[in-house]
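K.L.:
Got a structure for you, questions after.
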Amino acid sequence: MLDFSTLLPALPVLWEGVQMTVLLSISALTLGLIIGTIMCTARLSNSTPLRILTKLYVSFFRGVPLLVQLMLSYYCLPLIGINTPALPTAIVCVGLCSSAYITEILRGGFQSLSPGQKESAIMVGLNRLQIVAFIELPQVIRLTIPALINEAIILVKASSLISVIGIVELTRVTQNLAASNFQPFEFYLTAALVYFILNSTISVLGLWVERRINSRSIV
Amino acid sequence: DVLSDVKSKGELVIGTELQFAPFDFLVNGKHEGLNKDFFTEVGKELGVKVTYIDLPWTSVLPGLEANKYDMVGGPVSITAARMKRYSFSNAISDASVALLKRKGNTKIMKSEDIADMNVGAGQGSAPAAQLEAFSNTLSKPANIKLYVDNNQAYSEIMTGRVDAVANSLPNIAYIASQHKNFEVVMPPFGTEAYSGYVFRNDDESKSLIESINKIMAKMTKDGRMAEIQKKWFGIAIELPQTPIVPKI
Amino acid sequence: MVEVQKMSKNFGTTQVLKNVDLKVQPSEVMCLIGPSGSGKSTLLRCIAFLEQYSSGNIYIEGEMLGYNDDTDIRKLTSTNELNHVRRNMGMVFQQFNLWPHMTALGNVTEALVRVKKLSRREADEKGHAILKKVGLAERALHYPAQLSGGQQQRVAIARSLAMEPSVMLFDEPTSALDPELVGEVLQVMKDLAKDGMTMIVVTHEMGFAAQVADTVVFLDQGEILMKGSPKEIFQGEKPPRLEQFLKNYMDRNAFWE
Amino acid sequence: MVEVQKMSKNFGTTQVLKNVDLKVQPSEVMCLIGPSGSGKSTLLRCIAFLEQYSSGNIYIEGEMLGYNDDTDIRKLTSTNELNHVRRNMGMVFQQFNLWPHMTALGNVTEALVRVKKLSRREADEKGHAILKKVGLAERALHYPAQLSGGQQQRVAIARSLAMEPSVMLFDEPTSALDPELVGEVLQVMKDLAKDGMTMIVVTHEMGFAAQVADTVVFLDQGEILMKGSPKEIFQGEKPPRLEQFLKNYMDRNAFWE
Amino acid sequence: MMTFDAQLILNHLPDIASGFGITILCTLIACFIAMLLGLVVALGLMSKAKILRYPVRLYVEIIRGTPFLIQLFLLYYGGPSIGLYLEPIEAGIFALACNGSAYYAELFRAGFNAIPKGQLDAAKIIGLSRLQIIVRIQIPQMMVLIIPGLVNVSIILGKETAILSIVTVPELAFVLIGIGAETYAYAETLTVLAVSYLILAELTSRFGGWTEKRLSKYMERSI
Ligand SMILES: Nc1ncnc2c1ncn2[C@@H]1O[C@H](COP(=O)(O)OP(=O)(O)OP(=O)(O)O)[C@@H](O)[C@H]1O
Ligand SMILES: Nc1ncnc2c1ncn2[C@@H]1O[C@H](COP(=O)(O)OP(=O)(O)OP(=O)(O)O)[C@@H](O)[C@H]1O
Ligand SMILES: [Mg+2]
Ligand SMILES: [Mg+2]
């Protein structure tokens, strides 16, 4: 019943869409991890203003739909004179949005570490940054890999929203093709397959890292 | 103003959604359609390059308001409510509403047959409003189901959840011509309506609208328009060359 | 070296340390003994400022610990200052608190590399040497989860010693060790004491307290009930509570002739 | 009661227990002594089937533990069967392993409610009684993190005793206790022994081993080097390794006249 | 020259409110089912039997790996071709719950792995059954680690309800898209959408924070 023959001529456009999705996902995820880690340490710091600020940050970027964030920054910021090109806007928006989720994931990890480890680190003279980087973060990562992989996968799929600011990626190409060829199933299945391949790559990578770490330090 | 900006840039930028056959859509992965052909001519007339930005429909109009492009392709049905917020070109297409049904469905032979049947339409669209008005005139009103995306409504004809879908004639005519499973119920019903291109509702845009209207008139006169219409609608249609006063 | 003045500590409404006064001279070895729950660990943790003490003052080498001044409404010092004040302090925890994601060697060398800025090679050499000293040469590359209780405790001791602090706080450093090792670890500590390290040791090993300590402090319900030389504590006149505390032990192990 | 036959245990390629043979009679108290890392905890964990032993057999009250039969290619039993075989077994861990999200009382009563199906009220009553017995009446509603090391250890002991098992495995049950409490806990254990409880006790308290044990087993590098009555072990002819192991302790605490 | 017409929103307030109600309802039901299902899936993921573990892993990968829109599309529009007719709201909640279960499952798995083995040993030897260990020992403790992750996923599920509009569930996004298409007042409708989801997210995270605080009071100090 399904007919995939119309797919062939469309392959080059699809490929371009895939490339855009991959490019955006990788750059946004990197940005999200970096900002998420920084935000998380701020969130757990002793300073009240910092804590409140990061709470607001998380509330905003987690609560407001990414679609709206994208539209705000692309269509409203120009009204106050900030006119940024589409791709960087998309990367920053998606990155900031995922950083809010990552902040929370990491926070759970940090808070579930037993305080004793930090204390023994303080007593041998490691400074705050070193404790985070060498004592806590490695363990937090071990604990939160499944959640981080969840987030990475969600990000890859959420990247489809960037089409609202005129960037053509995988989902957009697929919808266009489906609408024009009246073969939604064939095209959607193809897109689903591509997403599946991208995401299971991420997932398998995560499981591999997880197994490697766990095999060494059992709790 | 916008026109002189376009000329000095050497580029006319159009925001549109490439899921709107036969106006803007992909053929074998390439952008084709009535708009493409029409604006190629416009480009030639104005001496500028034409660039398209493909966007989901939700963000097409906000993009226009944020000056991300000069005008919107579409076209969209010209209604009184919409005119409060945007300016429109003269009619580029007829937008009267007709029904799309599954080929061989003998229960619907004319528009009135949809009484008490399931009929789909685009959520909040002009055809939906017309369908509702029409349905209320029937012996038993139709059971109207609204979809956020017309393409899904069309799929529902095949799943059987709806018996027909109401949309503007050019769209469904093109679909029926391309897809062997569908058929158009003729003639159209409801109030006469037209669709046009969308512009910002400000003085800056006036010059651009005027020049596009002029080119439209010129092309109608020299037969280029009829050729394009034949290519995409199958027939040439006579359209009013004056600003539309919407009846819907 | 370490001076504790009228220090109290509350957890919520319960006071676990009451008006503790202590003075530890450089090179002095002080043993804290006392029943379970009397506040020994808490006192040690206050001296390391891992707990904020509620009132009173603590001075390390003359510098006020943790708070900016000794007035009533006081402010915490910055982390930097705090780290500066306790830079020469080491601590071995009752529960070891090893870092589970690092090998025994990693646990020992981490601070050598990050704080002492030794090169990885120097740190590894030093780490191996110290692990050998505590009898763990072959277990250097095991993770804490792969070590027995006694082995973990020795890693914890090695980790602290590697930093060569001048004041060491030990919280029951021999609790998980077998008798043979207890002897060895106590020997290590005696050597340290001889080399002039200042030590505060929470211990249940009265034998050790008797032989190594310069001062023994007996803590009960958060208060210092008696403070004195081992001789005074174990042989002299003493409060009935201490008498009772020691009685059982004396009966079981008549180590003090 | 508990019979271990030619049992071996490997972690990866390293063998930590080699051909261990043990037989514990009902009401017997057996003490395991040996240097740190000799495999005492591992042996106990194998008897509780918290580690799968690699070869050999273990029988609890005549029933094979953990595996379905004693042929070479063997299958694990179902969890239900396993639980059935060790239903009368209790264990106190070296690291206590309290459940941090439950109070002391919660730790003690959990299994009473879930396994013994006591009502909440009965369980609480019983829990309070047992906590009182180990001197923790006032700490019943404290969470483990709010308890001192010795208090935690006592909760762990109370938790096991509450279930009234007939075989108890103790892994250094007195390591975090002060001398006074060591005496008390040992007294509790002596009482249990008198009441006929079968016990296997890993301990570094030679005094306890000498006084309470029916049999003392000396483990070194995963092998049983000597097994005998306390008298034989502490006074008799012994292998040089054991001699050396005990020497230090004897010097320090001349408990055995 | 963006304009903002508040009156327009006020005019449609009843529709918007009912849409928001349906959104909240779908979110609640879907999250609840998804968590239960997720727990079961997590146990499957950790099973020692490959015959159980592999299919469950495949389920998780497929659900997580493919866009929700496409899953729902296939279920609702493709379902009838294999004789599966679902009401829009049934299909929506079912798809949403399956979707959530895959994400929750991974979080639960992480939680299970984080609990020190010693505590499980203590529970086993005292005779607690497998289920009792899970419910009484493991779940309460892993919450500190995974509640933030659970809140994340729940918030995302809440926002995914917007996609139910493609199968004509009259939830918030559906209502607002309609208003937008009718009046072209996209700025207004998007604002309402953003504010509503912000409220929903804030409620979710408040609830998570409250639970977290209740559960984590025991983690205080070390010795
Ligand atoms: N966070 C807390 N909240 C409430 N009470 C606490 C807290 N931490 C400790 N305590 C109580 O303070 C008292 C002192 O505890 P501490 O750990 O200092 O005792 P200790 O002398 O080290 O005992 P042990 O020899 O058993 O280790 C104990 O009774 C304990 O229950
Ligand atoms: N998971 C593991 N992987 C590798 N080696 C291990 C593992 N667990 C334990 N060992 C090793 O097995 C040996 C026996 O450990 P065990 O805990 O039984 O010693 P123990 O006799 O209880 O010592 P202690 O008195 O110090 O508690 C140790 O040398 C330890 O390093
Ligand atoms: Mg203590
Ligand atoms: Mg041990």
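K.L.:
Kindly indicate whether D:Arg74 is outside any strand (DSSP E or B), basic (Lys, Arg) and within 16 Å of ligand 2 (Cβ to nearest atom).
P.N.:
On the way: outside any strand (DSSP E or B): yes; basic (Lys, Arg): yes; within 16 Å of ligand 2 (Cβ to nearest atom): no.
So D:Arg74 does not fit the description; no.
K.L.:
Could you give me the residue pairs with C-beta distances under 7 Å whose first residue belongs to region B:58-70 and is at positive phi, whose second residue is assigned to a helix (DSSP H, G or I) and surrounded by 21 or more Cβ atoms within 10 Å (Cβ to Cβ) wherever it lies, and which are 6+ apart or on separate chains?
P.N.:
Pairs found: none.
K.L.:
Can you pull out the residues in region C:155-175 that are crowded, with 23+ Cβ neighbours inside 10 Å, in contact with a Lys or Arg (Cβ under 9 Å, 6 or more places away or on another chain) and either more than 22 Å from C:Arg86 (Cβ to Cβ) or more than 13 Å from chain D (Cβ to nearest Cβ) (or both)?
P.N.:
Within region C:155-175, C:Ala158, C:Ala162, C:Leu169 qualify.
K.L.:
I'd like to check something: does region A:152-162 contain any residue that is within 19 Å of the chain's Cα centre (by Cα), over 23 Å from E:Glu61 (Cα atoms) and of a type outside the set (Asp, Glu)?
P.N.:
Looking for residues that are within 19 Å of the chain's Cα centre (by Cα), over 23 Å from E:Glu61 (Cα atoms) and of a type outside the set (Asp, Glu), one finds at least one in region A:152-162, hence yes.
K.L.:
Here is a list: E:Glu212, E:Glu188. Which entry is within 24 Å of A:Ser73 (Cα to Cα) and of a type in the set (D, E, K, R)?
P.N.:
E:Glu188
K.L.:
Right, something else. Against the conditions (1) closer than 13 Å to D:Ala158 by Cα; (2) touching an Asp or Glu at 6+ places or on another chain (Cβ under 9 Å), where does D:Leu98 fall short? Just the number, please.
P.N.:
(2)
K.L.:
Separate question: Going by the structure shown, is C:Gln146 touching a helix residue (DSSP H, G or I) at 6+ places or on another chain (Cβ under 6 Å) and of a type outside the set (Phe, Trp, Tyr)?
P.N.:
No.
K.L.:
Looking only at residues in region C:18-35 that are crowded, with 19+ Cβ neighbours inside 10 Å and in a strand (DSSP E or B), which one is nearest to the other protein chains (Cβ to nearest Cβ)?
P.N.:
C:Ile33
K.L.:
Now for a different question. Looking at (1) assigned to a loop (DSSP other than H, G, I, E, B); (2) in contact with a Ser or Thr (Cβ under 9 Å, 6 or more places away or on another chain); (3) more than 16 Å from ligand 4 (Cβ to nearest atom); (4) within 28 Å of D:Gln152 (Cα to Cα), which is the only condition C:Phe96 fails?
P.N.:
(3)
K.L.:
Considering each of A:Ile154, A:Ile162 in turn, give the residue that is in a helix (DSSP H, G or I), farther than 25 Å from C:Leu98 by Cβ and free of Cβ contacts under 8 Å to residues at least 60 places away in the same chain. Don't jump to the end; show me each part of the working.
P.N.:
Values: A:Ile162 fails: free of Cβ contacts under 8 Å to residues at least 60 places away in the same chain.
Within the list A:Ile154, A:Ile162, the selection yields A:Ile154.
K.L.:
Another one. Take E:Ala91 and decide whether it is more than 10 Å from chain A (Cβ to nearest Cβ), surrounded by 20 or more Cβ atoms within 10 Å (Cβ to Cβ), touching a Phe, Trp or Tyr at 6+ places or on another chain (Cβ under 6 Å) and modelled with pLDDT of 95 or more.
P.N.:
No.
K.L.:
Which one of these does D:Asn80 not meet: (1) away from ligand 4 (no atom under 16 Å from the Cβ); (2) more than 12 Å from every other protein chain (Cβ to nearest Cβ)?
P.N.:
(2)
K.L.:
Looking at region A:30-55, which of the residues that are free of Cβ contacts under 8 Å to residues at least 60 places away in the same chain and within 11 Å of another protein chain (Cβ to nearest Cβ) is surrounded by the most Cβ atoms within 10 Å (Cβ to Cβ)?
P.N.:
A:Lys55
For (1) aliphatic (A, V, I, L, M); (2) in contact with a helix residue (DSSP H, G or I) (Cβ under 8 Å, 6 or more places away or on another chain); (3) within 16 Å of ligand 1 (Cβ to nearest atom), each residue gets a yes or a no:
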residue	(1), (2), (3)
D:Glu3	no, no, no
D:Asn10	no, no, no
D:Asn19	no, no, no
D:Lys23	no, no, no
D:Ser27	no, yes, no
D:Cys31	no, yes, no
D:Gly39	no, no, no
D:Leu44	yes, no, no
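K.L.:
Hey, can you tell me all the residues within region C:228-247 that are over 18 Å from C:Ser36 (Cβ atoms) and either modelled with pLDDT under 85 or in contact with a Leu (Cβ under 8 Å, 6 or more places away or on another chain) (or both)?
P.N.:
Correct list: C:Ile233, C:Phe234, C:Gln235, C:Gly236, C:Glu237, C:Lys238, C:Pro239.
K.L.:
Examine region B:34-41 for a residue that is within 17 Å of the chain's Cα centre (by Cα), of a type in the set (A, V, I, L, M, F, W, C) and facing chain A (nearest Cβ under 10 Å), and state whether such a residue exists.
P.N.:
Narrowing region B:34-41 to residues within 17 Å of the chain's Cα centre (by Cα): B:34-39.
Those still in the list that are of a type in the set (A, V, I, L, M, F, W, C) too: B:34, B:38-39.
Subsequent filtering for residues that are facing chain A (nearest Cβ under 10 Å) retains none.
Within region B:34-41, not a single residue is within 17 Å of the chain's Cα centre (by Cα), of a type in the set (A, V, I, L, M, F, W, C) and facing chain A (nearest Cβ under 10 Å).
K.L.:
Return the only residue of B:Leu55, B:Leu100, B:Leu64 being within 14 Å of chain A (Cβ to nearest Cβ) and within 19 Å of B:Pro170 (Cβ to Cβ).
P.N.:
Only one candidate passes the filter, namely B:Leu100.
K.L.:
Looking for something more than 16 Å from D:Met91 (Cβ to Cβ), within 16 Å of ligand 1 (Cβ to nearest atom), at pLDDT 90 or above and away from every other protein chain (no Cβ under 12 Å) - is there at least one such residue anywhere in region D:192-215?
P.N.:
The answer is no, given that none of the residues of region D:192-215 is more than 16 Å from D:Met91 (Cβ to Cβ), within 16 Å of ligand 1 (Cβ to nearest atom), at pLDDT 90 or above and away from every other protein chain (no Cβ under 12 Å).
K.L.:
For D:Thr215, are the conditions met, namely being away from ligand 2 (no atom under 14 Å from the Cβ), in contact with a strand residue (DSSP E or B) (Cβ under 9 Å, 6 or more places away or on another chain) and touching a residue at least 24 places away in the same chain (Cβ under 8 Å)?
P.N.:
Taking the combined requirement at face value, the residue satisfies it.
K.L.:
Touching an Asp or Glu at 6+ places or on another chain (Cβ under 9 Å) and within 14 Å of chain B (Cβ to nearest Cβ): which single residue out of A:Leu24, A:Leu7 fits that description?
P.N.:
From the options A:Leu24, A:Leu7, the qualifying one is A:Leu7.
K.L.:
So, one more: Any idea which residue in region E:191-200 is farthest from the other protein chains (Cβ to nearest Cβ), counting only those that are surrounded by fewer than 24 Cβ atoms within 10 Å (Cβ to Cβ) and of a type outside the set (Ser, Thr, Tyr)?
P.N.:
Out of the qualifying residues, it is E:Val192.
K.L.:
Among the residues of region C:189-211, is any in a loop (DSSP other than H, G, I, E, B), within 16 Å of ligand 2 (Cβ to nearest atom) and on the phi > 0 side of the Ramachandran plot?
P.N.:
No; the residues of region C:189-211 include none that is in a loop (DSSP other than H, G, I, E, B), within 16 Å of ligand 2 (Cβ to nearest atom) and on the phi > 0 side of the Ramachandran plot.
K.L.:
What number of residues within region E:161-176 are part of a helix (DSSP H, G or I) and either surrounded by fewer than 24 Cβ atoms within 10 Å (Cβ to Cβ) or in contact (Cβ under 8 Å) with a residue 24 or more places away in the chain (or both)?
P.N.:
Number of matching residues: 11.
K.L.:
Checking the structure you have, find out if any residue of region C:143-154 is within 16 Å of ligand 4 (Cβ to nearest atom), aliphatic (A, V, I, L, M) and touching a His at 6+ places or on another chain (Cβ under 9 Å).
P.N.:
Checking region C:143-154: not a single residue is within 16 Å of ligand 4 (Cβ to nearest atom), aliphatic (A, V, I, L, M) and touching a His at 6+ places or on another chain (Cβ under 9 Å).
K.L.:
Quick check on region E:99-114. Is at least one of its residues farther than 16 Å from A:Ala147 by Cα and among the basic types (Lys, Arg)?
P.N.:
no
K.L.:
Which one is farthest from ligand 3 (Cβ to nearest atom), of the residues in region C:112-154 that are facing another protein chain (nearest Cβ under 8 Å), without any contact (Cβ under 8 Å) to a residue 40 or more places away in the chain and not basic (Lys, Arg)?
P.N.:
Residue satisfying both the conditions and the ranking: C:Gln146.
The values are calculated or read from the model by the stated rules, or taken from the named source; none is laboratory data. Because the structure is predicted, anything quoted here is derived from the model rather than measured. Reconstructed Cβ throughout: ideal geometry from the backbone, glycine too, with neighbour counts over all protein chains shown.
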